[in-house]
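**Q** Got a structure here, written out as structure tokens. Questions coming.
The values are calculated or read from the model by the stated rules, or taken from the named source; none is laboratory data. Since the model is a prediction, treat every value here as computed from it, not as a measurement. Counting neighbours? That spans all protein chains shown, and the Cβs are built from the backbone with ideal geometry, glycine included. Quick note on the areas: whole protein, heavy atoms, side chains included, nothing else; ligands and nucleic acids left out. Shrake-Rupley method; radii C 1.70, N 1.55, O 1.52, S 1.80 Å.
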Amino acid sequence: MLTPRGEAALVETSALLETLLQNTTDKIYFKDRQSRFVHFSREMLETFHLTQPDELKGRTDVEFFSEEHARPAFEAEQESIRTGNPV
């Protein structure tokens, strides 16, 4: 369980991350262990021609790209999860 101080720090860090993601012009995203989008910048929505975060959250590359692109991307992400090495 977090202490009140730890919880406050977590809330502050989460707010900073959300501010960054909403205001950057960079394409930034985070995926879960199943390679589903969970956090992403507004720029990522524009990349996929989407307007609402719920249109991207929980989806995978397979829903946006061809199998030729999506499969190697998925495999690289899974390798990164297993090893800790960046994609």
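**Q** ³J(HN,Hα) across the range 70-82 via Karplus (A = 6.51, B = -1.76, C = 1.60, θ = phi - 60°), whole Hz, x for Gly/Pro?
**A** Karplus-based 3J(HN,Hα) across the range 70-82 equals 5, 5, x, 5, 4, 5, 5, 5, 5, 4, 5, 5, 5 Hz.
**Q** Note down the magnitude of the dipole of the chain about its Cα centre, charges +1 on Lys and Arg C-beta and -1 on Asp and Glu C-beta and zero elsewhere, to the nearest 20 debye.
**A** So the magnitude is around 260 debye.
**Q** Under a 5 Å amide H to amide H cut-off, with H placed in plane at 1.01 Å, what residues pair with LYS31 once short-range neighbours are removed?
**A** Long-range HN contacts for LYS31: VAL38.
**Q** So who's got an amide H within less than 5 Å of the one on LEU50, skipping anything under 5 residues away but keeping other chains? H placed 1.01 Å off N, in plane.
**A** Correct list: empty.
**Q** Can you tell me which of 55-66, 22-33 comes out highest on packing, and rank the rest after it, using the mean Cβ neighbours within 10 Å?
**A** Result, highest mean Cβ count within 10 Å first: 55-66, 22-33.
**Q** Show me, for the range 27-43, the HN-Hα J-couplings you get by feeding each phi into the Karplus relation (A = 6.51, B = -1.76, C = 1.60, θ = phi - 60°), rounded to Hz, glycine and proline as x.
**A** Rounded to whole hertz, the list is 8, 10, 8, 10, 10, 8, 5, 9, 6, 8, 5, 10, 9, 6, 7, 4, 4.
**Q** I would also like to ask the following. At 1.4 Å probe size, with the rest of the protein present, what percent of the exposed accessible area of the chain is carbon and sulfur atoms?
**A** On the way: 3620 of 6580 Å².
Roughly 55 percent, rounded to a whole number.
**Q** Add -39500 (n - 2.57) for each DSSP H run of 4 or more in the chain, then divide by its residues: what number comes out at 222 nm, to the nearest 500 deg cm²/dmol?
**A** One gets -16000 deg cm²/dmol as the mean residue ellipticity at 222 nm.
**Q** Relative to the longest principal axis of the chain, what angle (0 to 90°, nearest 10) does the C-alpha long axis of helix 4-23 take?
**A** Taking Cα atoms only, the helix is inclined about 40 degrees.
**Q** Compute the accessible area per residue over the chain, keeping the other protein chains in place, probe 1.4 Å, unit Å².
**A** Result: 76 Å² of accessible area for each residue.
**Q** Return the equivalent ellipsoid semi-axes of the chain as a descending list in whole Å, where each equals the square root of 5 times an eigenvalue of the C-alpha gyration tensor. Display every interim value, and only then the final one.
**A** Numbers: eigenvalues 138, 68, 22 Å².
Values for the chain, descending: 26, 18, 11 Å.
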